[in-house]
Amino acid sequence: MAPAQPATPPQAAPAAPPAGSPPGAPPRPPREGRPGPGQTEATPPAAAPPVPGQPPAPDQRQGRRDGIGLGGAAAIGAAAGAIGGIMATQGADRIDDIRGRREERREGDVTIIREPGRTILRDGERTIIRRDETQRFRDLGLEGRTERRGEENRTVFERPDGTRIVTVTDADGRLIRRARLDRNDREVVIIDNTRRDRPRQRFSDEVVVLERPQLRIPRERYIVDAERADRDLIYETIVAPPLAPLPRRYTLDEVRYSPDLRARMRSVDIDTVTFESGSWDVAQGQAQRLQVIADSIRRALQKSPNEVFLVEGHTDAVGADIDNLSLSDRRAESVAEILTRDFAVPAENLTTQGYGEQYLKVATQEAERQNRRVTLRRITPLLAGQQR
């Protein structure tokens, strides 16, 4: 499956959206012969005929939310307390290495699947994935110290230049706050989920439903293909204001799980980097293609050092949905790590999320390299409630 692309382009989209249309497009036909847990992108189900796929419309308008449903939300805190980081990936670089190390149990209506580096939560047909919000810093070689403060964990990573990155997570492992402090203790707040306009909610309420704005720009400038775009267009896309006014500011989880919110920001489809089936490894030759993306991000950060960019991971439509969700999340993380390690993009200004096969660039149920990709989107205005 392929993950997050901007929510369906505003209502200028045709009745049957073209391949690659973002979240919220009409649902694709139900897939027959859904592959079992032992099948991934690399092992398509033998009897499953290809069915043209379209991104599924979020079914919150039918009384459910995009994530854990109302019945199982209460179980999440107890069941998923230490989000995904209890085990490192431990050298795995293919989904086949992960599948056999999963542990699954039920808590009320919720199925909790623990695997190295990730926790997957499923309620009926709705599934989300979470990870340790500090693990990427450790993977990049930074040493952190963590202390418990009440029901929160505070982790501090210090760079050789004395800069400190402070990440605060709640008892469920969700990110509350991330800030950067220089050697003189001057603070730049990157993400602040403590500034909520509503009281703390159950997960099922984290999905925001908004009317889709009308698309007033060409679609190819709404979802920009990096392979066909020059530096100026990529930069223009990632710093562009929201397509429509924002009623309020939103939390990171609301942005991650709400197609309507993400649809308000333009995105860059990084189709210059694709992946082998079943793998999240970025080939050395492809990694260099991220230079233009990194240059644009650093240019944006020079003007506003607290910008936040969401790296969204995708897969093709072959394989079990749990495998594809995990695979897409790891692809997003791989690209984020390269942007930091090879191109000096500050890790704290990046966040990641996998969406599995929800948003296909090429509408096919068969193996398709173009669907195995990542997308970049600036989300700072959504977190801050800015109109531009």
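Some observations on this one:
- When Rg and the Kirkwood Rh are both derived from Cα coordinates, the Rg/Rh ratio for segment 314-382 amounts to 1.02.
- Rounded to whole Hz, the Karplus (6.51, -1.76, 1.60) HN-Hα couplings of segment 366-382, x for glycine and proline: 8, 4, 8, 4, 4, 7, 9, 8, 10, 10, 10, 8, 7, 10, 3, x, 5
- Base-10 log of normalised Debye intensity for segment 209-284 (one unit scatterer per alpha-carbon) at q = 0.15, 0.17, 0.22, 0.27 Å⁻¹: -0.66, -0.80, -1.06, -1.22
- Taking Ile223, Ile95 and counting other C-beta atoms within 10 Å, the order from fewest to most: Ile223, Ile95
- Counting only DSSP beta bridges with both residues in segment 228-381, the antiparallel share comes to about 60 percent.
- With the Kirkwood sum run over all distinct C-alpha pairs, segment 59-384 has a hydrodynamic radius of 20.1 Å.
- Shape analysis of segment 238-352 based on the Cα gyration tensor places the equivalent ellipsoid semi-axes at 24, 20, 12 Å, largest first.
- Rounded to the nearest 20 debye, dipole of segment 59-384 from Cβ charges on Lys, Arg, Asp, Glu: 940 debye
- Amide H contacts of Gly278: Glu41, Ala42, each under 5 Å away and 5 or more positions distant or on a separate chain (H built 1.01 Å from N in the peptide plane; Pro and chain starts excluded).
Bear in mind these aren't lab numbers, they're just calculated from the coordinates by the rules spelled out. Quick caveat, the model's predicted, so the values are computed rather than measured. Counting neighbours? That spans all protein chains shown, and the Cβs are built from the backbone with ideal geometry, glycine included.
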